[in-house]
Amino acid sequence: MVSSISSANVTASGQVRGASPFQFKHPMTDDLIEIEDENGELLIILTKTAVLEDQLKKANENLAELKQVRSAVFHGKNDVM
């Protein structure tokens, strides 16, 4: 989950102690989302973070495309995309 820890120690019981910019926690069932694949045959379980990052990426791609269309319309170009 975390690739590096600065100034941290691991105790004999396996607990991480010390200064760290990371927060360690076990995922709760509320942190997971079930999604069906495109064919509806498989159930995929993802974290909410992964789903939100994917939605943000798609929204940013859509925004870039809309800006391109707006620019083309504003400049009177007919060859959009």
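Please treat every number below as a calculation from the coordinates, not as lab data. Since we're looking at a predicted model, the values are computed, not measured. Quick reminder, even Gly has a Cβ in these numbers, built from the backbone with ideal geometry, and neighbours come from all protein chains shown.
Table for the structure above
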{"item": "Charge tally in the Cβ shell below 11 Å around LEU43, where Lys, Arg are +1 and Asp, Glu are -1, LEU43 excluded", "result": "-4"}
{"item": "Nitroxide proxy distance, nm - points 7 Å out along Cα→Cβ at ASP54 and LEU66", "result": "2.2"}
